[in-house]
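The block underneath contains the structure these notes are about, expressed in structure tokens.
The values are calculated or read from the model by the stated rules, or taken from the named source; none is laboratory data. All values derive from a computational prediction rather than experimental measurement. When we count neighbours, we look across all protein chains shown, and the Cβ atoms used for this are built from the backbone with ideal geometry, even at glycine.
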Amino acid sequence: MRPADVPEVVAIERATFPIPWTHDNFLHEIERNPFACNRVARSGRGNLEAYASTWMLSGELRINNLAVREASRGKGIGEALLRNLMELARQAGCQIASLEVRPSNLPALRLYEKLGFREAGRRRGYYTDTREDALLMRAPL
């Protein structure tokens, strides 16, 4: 992910999440966070189709945001991006991947379970917009 990608990333973020990260949030991750590993996935035509914002620290891949453009969902783009990040993290010495997800986000849950993530806990009232819990999920790398 480059600074020039941020407007498209923010557009996907806003269309995906009820409480989206801002342009400045993503710029901070790209330019100032030494633990950040941010990636985008592009179509054969070069269109930005998905992105992920993660941290790699203390042997852990922390997946903060992962989203696919609505018109491109169900094509394996998010899975390929996440597999790529998990492999990068493994090569960097990370031993575990973690994330939070809404229990109501069934497509995301299916993807994460397919890639070896299992529920490790629950954060009660985590999402401020609905007070929905978050499932804490982890996968060995």
* Report, by residue number, each residue of the range 2-20 that is crowded, with 19+ Cβ neighbours inside 10 Å and in contact (Cβ under 8 Å) with a residue 40 or more places away in the chain. => 9, 12, 13
* Out of curiosity, is residue 69 touching a residue at least 40 places away in the same chain (Cβ under 8 Å), among the basic types (Lys, Arg) and surrounded by 13 or more Cβ atoms within 10 Å (Cβ to Cβ)? -> yes
* With the condition kept exactly as written, say whether any residue in the range 39-49 is modelled with pLDDT of 95 or more and closer than 20 Å to residue 98 by Cα. => yes
* Structure fact -> Residue pairs qualifying under the 6 Å Cβ cut-off, at least six apart or on distinct chains, with the first in the range 27-38 being modelled with pLDDT under 95 and the second being part of a helix (DSSP H, G or I) and of a type outside the set (A, V, I, L, M, F, W, C), are none
* **Members of the range 109-140 found to be touching a residue at least 40 places away in the same chain (Cβ under 8 Å), closer than 28 Å to residue 75 by Cα and not aromatic (Phe, Trp, Tyr), listed by number** => 138, 139, 140
* To do: Please indicate, with yes or no, whether at least one residue in the range 116-132 is in contact with a strand residue (DSSP E or B) (Cβ under 8 Å, 6 or more places away or on another chain), surrounded by fewer than 17 Cβ atoms within 10 Å (Cβ to Cβ) and β-branched (Val, Ile, Thr).
  => no
* To do: Spot the failing condition for residue 74; the list is (1) under 15 Å from the mean Cα position of the chain (by Cα); (2) surrounded by fewer than 17 Cβ atoms within 10 Å (Cβ to Cβ), and only one is missed.
  => (1)
